[in-house]
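What follows is one structure encoded as structure tokens, with my remarks underneath.
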Amino acid sequence: MAWPNNLNLVVAPMSRIKELSRRQLDARLDELRSVRAALRPPQKGWIAALRTALGMSQAVLAKRMKVSQQAVSQMERRESDGDITLGALEEAAEALGGHLVYAIVPSRPLEETLKARALLIARQMTGAVHHTMRLEAQETGSDPDVRTLELARELMASPGRLWSIPDGE
């Protein structure tokens, strides 16, 4: 199929598409951050809490899951110890009439994380250059903070570079 002649397409550069995707993901993550406390598992874990709240014995849950009562007991123990697999949690969730919800929720927005990382790297880079130039008596008249912000903006254009530079170097 040919494109219509009157169709003006604007192709965004890949970095712009990635930035848009990051912002969309951040919007979803903001919703999760607001309910993060409610999603913390109960002390004995979700399986035991839901099973008990439903008035269901381990034997009944075991039958629904087609496993032994001992397997359910071990599963509940593994969940409370933080040593359960996602697959096991999903099976238990289905047997309890629910769904497993799984997410990694960053503590702060992705854009903030990237900006902080870009500034850290830029400060390290400009600090090293500034120090070397001062030792060689070749200081420039430009403001180091301005150079740092400019470099941070450049680094933000390719966020993958931010993670290939080790901290403290």
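The values are calculated or read from the model by the stated rules, or taken from the named source; none is laboratory data. Here the structure is a predicted model, which means the values were calculated and not measured. Cβ sites come from the backbone with ideal geometry, for glycine too, and all protein chains shown count toward neighbours.
Quick notes
- If you go through the range 115-134 and keep only what is at pLDDT below 90, among the aliphatic types (A, V, I, L, M) and closer than 17 Å to PRO166 by Cα, you end up with MET125, ALA128, VAL129.
- The one condition in (1) within 28 Å of the chain's Cα centre (by Cα); (2) farther than 25 Å from LEU114 by Cβ; (3) at pLDDT below 90 that LYS18 fails to fulfil: (2)
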